[in-house]
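Report on one structure; see the data block that follows.
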Amino acid sequence: MEKPKILVIGSINMDLVTQTKIVPKTGETVLGTSFLTVPGGKGANQAIAAAKLGADVTMLGCIGDDAFGIELKQNLNKQGVTTKFIKTIPNESSGIASITLSEGDNSIIVVPGANNGLSPEMIMEQEHVIAEADIILLQLEVPLESVSISVELAQKHNVPVILNPAPIQELPKELLLAVTYITPNEHEQKSLLSNKELTMEEIDHLKQKCIVTQGEKGIYLYQDGLIPGYKVETIDSTGAGDTFNGALALSLSKGNALKEACHFANAAAALSVTKLGAQSGMPTFEEVELFLGENCS
């Protein structure tokens, strides 16, 4: 059976993670306990989640002409993601997220870098890739105008689109109404529905597109109510949302009904939190199927 084709358009970052017992005050220097670099970015994370589950995944995004860019592209290749449409932006640094971990909490500074170079023109140049996809997965860590043109081209070629609206921002009404599915958390959904451009009828229509993630509780569908999550021992919840989105795209692109796809994505997300690391904790299709078999009611 041919693998479903998933196109992910989005961010590619290197996460710079520092652990410290003491968060420094302004002008203060403290000693940290550890430091590591970890490939990340919501786009890259979701691409790898879908690839590990067995999809034929193509990534469309930008990296800088630096050492991080080389490593990020190599990592995507290693995980089975097609990277020939990833563009290197000259004289630009790759996107990074500087993460400080202390006493179970974190603070994050994201510098988009080359991610801001993903222009509408670049998207239009790859219209044929959009046309050939079974489903397209988008987030909001690249320029909004590029997200919008991606949705326009997907509509033109009747390709369904999943929009993960994170980090949340005000979105044009036309974009919200054009996407096929939206995967906000509860806070993000509240922000989306408060858009003053929307009529009551359009708000109701938007609610029906929303697949609202609620952490370990599961997800909420407008027509089906709560689809419960799975109780597992949480080791590291980083990347659980990205795993959910990648798994949802995979299951829907196989022709499964939305409710069935949500059960599958819930299981994949649950498995992802039982291991350390965002990408390293993402499960394979066989692992999810086994988990579902052991936990079906």
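Computed from the coordinates by the stated procedures, all read-outs in this text should not be read as laboratory data. Keep in mind that this is a model prediction, so the values were computed, not measured. Positions of Cβ are generated from backbone atoms using ideal geometry, with glycine treated the same way; all protein chains shown enter the neighbour counts.
Assigning unit charges at the beta carbon (Lys, Arg +1; Asp, Glu -1) and nothing else, what dipole magnitude in debye, to the nearest 20, does region 86-186 show about its Cα centre?
Here region 86-186 has a charge dipole of around 100 debye.
Return the Rg/Rh value of the chain, two decimal places, where both radii are evaluated on C-alpha atoms and Rh is the Kirkwood radius.
0.96
Please report, in debye to the nearest 20, how large the charge dipole of region 191-278 is about its Cα centre when each Lys and Arg carries +1 at its beta carbon and each Asp and Glu carries -1 there.
Working: 8 positive and 10 negative charges, 35 e Å.
Here region 191-278 has a charge dipole of around 180 debye.
Under a plain spin-label model, where a point goes 7 Å from the Cα along Cα-to-Cβ, how far apart in nm are Glu121 and Gln214?
4.7 nm
Any idea how far apart Lys84 and Val23 come out in nm if each label point goes 7 Å out from Cα toward Cβ?
4.6 nm
Answer with one residue from Ala249, Ala49, Ser94: the one whose Cα lies farthest towards the positive end of the charge dipole of the chain, charges on Cβ with Lys, Arg +1 and Asp, Glu -1.
So the residue furthest toward the plus end is Ala49.
Which FRET efficiency value, to the nearest 0.05, do you get for Ala178 and Leu226 by plugging their Cβ-Cβ distance into 1/(1 + (r/R0)^6) with R0 = 30 Å?
For Ala178 and Leu226, the calculated efficiency is 0.65.
Among Lys209/Lys254; Lys84/Lys207; Lys190/Lys254, which pairs are too far apart, with a Cα-Cα distance over 26 Å?
Lys84/Lys207; Lys190/Lys254
Using +1 at the C-beta of Lys and Arg and -1 at the C-beta of Asp and Glu, which of Leu206, Pro184, Leu258 has the Cα lying farthest in the positive direction of the dipole of region 177-267?
Leu258
For every other residue with a beta carbon closer than 15 angstrom to the beta carbon of Ile168, add +1 if it is Lys or Arg and -1 if Asp or Glu, then tell me the sum. Each step should come with its number before you reach the end.
On the way: positive: Lys42, Lys190; negative: Glu141, Glu170, Glu186, Glu188.
Surrounding charge for Ile168 is -2.
I'd like to compare 167-177, 134-144, 21-31: which one has the highest average count of other Cβ atoms within 10 Å, and what's the full order after that?
In descending order of packing, they fall as 134-144, 167-177, 21-31.
Give the calculated FRET efficiency between Thr199 and Glu132 to the nearest 0.05, with a Förster radius of 41 Å applied to their Cβ-Cβ distance. Kindly include the intermediate steps, with their values, before the conclusion.
Working: r = 35 Å, r/R0 = 0.86.
Calculated value: 0.70.
Once you have the alpha carbon radius of gyration of region 225-297, what is it after dividing by 2.2 N^0.38 Å, with N set to its residue count? Provide the component values of the computation, followed by the final result.
Values: Rg = 11.3 Å, N = 73, 2.2 N^0.38 = 11.2 Å.
Compactness ratio reported: 1.01.
Taking the Cβ of Ser148 as the center, what net charge do the other residues with Cβ under 14 Å away carry, scoring Lys and Arg +1 and Asp and Glu -1? It would help to have the intermediate numbers written out before the result.
Numbers: positive: Lys156, Lys173; negative: Glu121, Glu145, Glu152, Glu170, Glu174.
After counting each charged neighbour, the total is -3.
Given the options Asn106, Ile168, Asn116, identify the residue whose Cα lies farthest towards the positive end of the charge dipole of region 90-197 (+1 on Cβ of Lys, Arg; -1 on Cβ of Asp, Glu).
Final value for the positive-end residue is Ile168.
Need one number: nm distance between label points at Leu258 and Lys156, each 7 Å from Cα along Cα→Cβ, rounded to one decimal.
If labels sit at Leu258 and Lys156, their model points lie 2.7 nm apart.
Would you mind calculating the gained length between Leu276 and Ser191 on full extension (0.36 nm times residue separation, minus the Cα-Cα distance), in nm to one decimal?
Working: separation 85, 0.36 × 85 = 30.60 nm, distance 3.10 nm.
Additional length available on full extension: 27.5 nm.
Taking R0 as 25 Å, what FRET efficiency do you get between Glu233 and Glu103 from their Cβ-Cβ distance, rounded to the nearest 0.05?
Once the sixth-power term is evaluated, E becomes 0.75.
Once a ≥ b ≥ c are taken as the square roots of the eigenvalues of the Cα gyration tensor of region 176-226, is the result rounded (a/c under 1.5), prolate (a/b larger than b/c) or oblate (a/b not larger than b/c)?
In terms of gyration-tensor shape, prolate.
Treat every Asp and Glu Cβ in the chain as -1 and every Lys and Arg Cβ as +1, leave all other atoms uncharged, and give the resulting dipole magnitude about the Cα centre to the nearest 20 debye. Spell out each step's value before the answer.
Numbers: 21 positive and 36 negative charges, 57 e Å.
Charge dipole, the chain, about its Cα centre: 280 debye, nearest 20.
Show which lysines lie in cross-link reach of Lys21 when reach means a straight Cα distance below 28 angstrom and same-chain residues fewer than eight apart are skipped.
Result set, ordered by chain and number: Lys42, Lys275.
Percent antiparallel among DSSP beta bridges with both residues in the chain, to the nearest 5?
Once the DSSP bridges in the chain are tallied, antiparallel ones form about 45 percent.
Most mobile of Ser253, Ser237, Ser98 per a Gaussian network model of the chain (Cα springs, under 10 Å)?
Ser98
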